[in-house]
Amino acid sequence: MSRSLVGRGNTRCKHHLTCDGRGTPFKVITTAADVNDVTQALALVEGIPSARHRRLRSGPLR
């Protein structure tokens with residue numbers, strides 16, 4: 001008897017997130033394991049703040 005590689009009926013979940021270059025998360029979404037990743041892409045992109053709302057560093061760059 002062969003076993004399916006897909007874990008149907010499991011209670012697992014996936015964590016989808018977007019973050020900046022320093023690793024600070026912008027948005028985190030938790031879904032069921034069988035949810036397609038592409039369906040969450042738009043929600044993650046909408047969680048990214050625009051650049052004009054970010055605070056710029058004062059002083060010279062090093």
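The values are calculated or read from the model by the stated rules, or taken from the named source; none is laboratory data. Remember, predicted model here, so these are calculated numbers, not experimental data. When we count neighbours, we look across all protein chains shown, and the Cβ atoms used for this are built from the backbone with ideal geometry, even at glycine. Just the protein is used for accessible areas: all its heavy atoms, side chains included, with ligands, DNA and RNA removed. Shrake-Rupley method; radii C 1.70, N 1.55, O 1.52, S 1.80 Å.
Summary of values
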| item | result |
| --- | --- |
| Members of the range 39-60 that are open to solvent by 100 Å² or more (accessible area, probe 1.4 Å) and modelled with pLDDT of 70 or more | L42, E46 |
| The range 25-46 residues that are within 13 Å of K14 (Cα to Cα) and assigned to a strand (DSSP E or B), paired with ones that are open to solvent by less than 90 Å² (accessible area, probe 1.4 Å) and among the charged types (D, E, K, R) (beta carbon under 7 Å, 6 or more apart) | T31/K14 |
